[in-house]
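Mind having a look at this structure? Questions to follow.
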Amino acid sequence: MTSHHPKLVARLSRIEGQVRGVSKMVAEGRYCIDVLTQLRAVRAALAKVETTMLKDHLDHCIEGAITSGDVTDQRAKAIELIKLLEHAR
């Protein structure tokens, strides 16, 4: 666990509230552009969480594998990252 995790949990809680708000907007039949604006805000907030998590992974897990000298762990971490990035397409 890194120092970012409590902040990420708080940010995800806010995003959860945003998503509930968007759902309410849709249920109320709010103007499409207003809903779309909120959806973009949710996506941006999720992207920020994703970027922070990826940086933490690189800073801790990947760096740890590199500095450990364990070639098997290094390869495993590289494969994990490649698979993750392949799914992002």
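The values are calculated or read from the model by the stated rules, or taken from the named source; none is laboratory data. Source: prediction; values computed, not measured. Glycine also receives a Cβ, built like all others from the backbone with ideal geometry; neighbour counts cover every protein chain displayed.
Answer with yes or no whether Gly21 is outside any helix (DSSP H, G or I), free of Cβ contacts under 8 Å to residues at least 24 places away in the same chain and not aliphatic (A, V, I, L, M).
Numbers: outside any helix (DSSP H, G or I): no; free of Cβ contacts under 8 Å to residues at least 24 places away in the same chain: yes; not aliphatic (A, V, I, L, M): yes.
Considered against the rule, which asks whether it is outside any helix (DSSP H, G or I), free of Cβ contacts under 8 Å to residues at least 24 places away in the same chain and not aliphatic (A, V, I, L, M), Gly21 comes out as no.
Please go through the stretch 1-49 and give me each residue that is β-branched (Val, Ile, Thr) and more than 30 Å from Gly64 (Cα to Cα), ordered by number.
As a first pass, look at the stretch 1-49 and keep what is β-branched (Val, Ile, Thr): 2, 9, 15, 19, 22, 26, 33, 35, 37, 42, 49.
Passing the criteria: Ile15, Val19, Val22, Val26, Ile33, Val35, Thr37, Val42.
Residues in the stretch 24-57 that are over 30 Å from Leu84 (Cα atoms) and assigned to a helix (DSSP H, G or I): how many? Quick ask: steps written out before the conclusion?
Let us first name the residues in the stretch 24-57 that are over 30 Å from Leu84 (Cα atoms), namely 24-34.
Okay, now just the ones that are also assigned to a helix (DSSP H, G or I), so 24-27, 32-34.
Going through the stretch 24-57 one residue at a time, the tally reaches 7.
Report, by residue number, each residue of the stretch 44-60 that is of a type outside the set (Gly, Ala, Ser) and surrounded by fewer than 11 Cβ atoms within 10 Å (Cβ to Cβ).
Of everything in the stretch 44-60, just one residue is of a type outside the set (Gly, Ala, Ser) and surrounded by fewer than 11 Cβ atoms within 10 Å (Cβ to Cβ), namely Thr51.
Given the criteria surrounded by 11 or more Cβ atoms within 10 Å (Cβ to Cβ) and either of a type outside the set (S, T, N, Q) or modelled with pLDDT of 95 or more (or both), does His87 qualify?
Working: surrounded by 11 or more Cβ atoms within 10 Å (Cβ to Cβ): no; either of a type outside the set (S, T, N, Q) or modelled with pLDDT of 95 or more (or both): yes.
No.
A follow-up question, please. Within the stretch 8-17, is even one residue without any contact (Cβ under 8 Å) to a residue 40 or more places away in the chain, more than 30 Å from Asp59 (Cβ to Cβ), part of a helix (DSSP H, G or I) and acidic (Asp, Glu)? I'd like the intermediate steps shown before the answer.
Looking only at the stretch 8-17, we keep the residues that are without any contact (Cβ under 8 Å) to a residue 40 or more places away in the chain, and these are 9-17.
Checking the rest, the ones that are also more than 30 Å from Asp59 (Cβ to Cβ) come to none.
Within the stretch 8-17, none of the residues are without any contact (Cβ under 8 Å) to a residue 40 or more places away in the chain, more than 30 Å from Asp59 (Cβ to Cβ), part of a helix (DSSP H, G or I) and acidic (Asp, Glu).
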